[in-house]
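Some notes on the structure that comes next.
The values are calculated or read from the model by the stated rules, or taken from the named source; none is laboratory data. As the structure is a computational prediction, the values presented were derived from the model and not from experiment. Note that each Cβ is placed from the backbone with ideal geometry, even for glycine, and that neighbours are counted across all protein chains shown. SASA here: full protein model, heavy atoms, side chains in, ligands and nucleic acids out. Shrake-Rupley method; radii C 1.70, N 1.55, O 1.52, S 1.80 Å.
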Amino acid sequence: MNEGYFVGWGTLALINAVLAQGKNRSGLNWFILSLFIGPFATLFLALSAKK
């Protein structure tokens, strides 16, 4: 598999962690979740309201 794929997936997980912290959610939990469901986590975070 291409190394760029893993780098992109990891970067997306970091972006999701920062986005989650901005919405008063656990960045670590969202980072780990993003490693498994990636873009779906981003979509959920983008559409969710701030806590």
Inset, instruction - Could you point to the label whose value was computed as P(r) over Cα pairs in 10 Å bins from 0, in percent for the structure here, given [x] 26, 48, 22, 4, 0; [y] 18, 49, 29, 3; [z] 31, 53, 14, 3? - result: [z]
Inset, instruction - Go ahead and run the numbers for FRET between F6 and S26, Cβ-Cβ distance against an R0 of 35 Å, rounding to 0.05. - result: 0.90
Inset, instruction - With everything on Cα atoms, drop me the angle between helix 27-37 and the longest principal axis of the chain, reported from 0 to 90° to the nearest 10. - result: 50 degrees
Legend entry - Within-11-Å neighbourhood charge of R25 [Cβ basis; K, R +1; D, E -1]: +3
Inset, instruction - Go through region 12-24 residue by residue and turn each phi into a ³J(HN,Hα) via Karplus (6.51, -1.76, 1.60, θ = phi - 60°); whole Hz please, and just put x for glycine and proline. - result: 4, 5, 5, 4, 5, 4, 5, 4, 5, 5, x, 9, 6
Inset, instruction - With a 1.4 Å probe and every protein chain kept in, tell me what percent of the accessible surface of the chain is carbon plus sulfur. - result: 72 percent
